[in-house]
Amino acid sequence: EIDHYAGIVKYDSSQFMEKNKDTLFQDMYNVCAASSDDLTAALFPDMSRRQHKSLSYQFRGQLNDLMGTLYDTDSRYIRCVKPNNKQKPDKFETPLVVEQLRYSGVFE
């Protein structure tokens with residue numbers, strides 16, 4: 001369990017790498033490279049010299065690129081706070097508002 005900004009979140013990372021191992025591309029590439037048709041086989045050269053990047057490696061790279069873009073921008077937004085869950089006027093539920101403000105980082 002991690003005390004996340006949105007509350008306590010339970011993560012299960014068992015077999016994460018096995019579950020996220022994407023081998024479809026490599027499997028299909030190997031089938032085409034081993035084709036008995038000379039033209040098809042020639043279109044798919046030997047990739048054993050190429051380093052295979054894992055899905056998690058690609059994800060981290062994309063996440064770093066996104067964070068760089070976010071840090072380079074001058075973002076402005078208005079955070080809305082719901083005063084109550086019933087959407088009724090003139091009704092203010094203090095615990096609900098405090099919870100939203102805490103999870104959005106206004107209160108530590």
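What follows draws every value from the coordinates through simple rules; no lab data is involved. What you are looking at is a predicted structure, and each value in this text was computed from that prediction instead of being measured.
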Open item on the list: Among the listed residues Asp12, Asp27, Asp22, Asp65, identify the single one that is more than 19 Å from the chain's Cα centre (by Cα) and of a type in the set (Asp, Glu).
Closed with: Asp27
- [ ] Kindly provide the set of residues from segment 20-45 that are under 25 Å from Tyr57 (Cα atoms) and of a type in the set (D, E, K, R), ordered by number.
- [x] Lys21, Asp22, Asp27
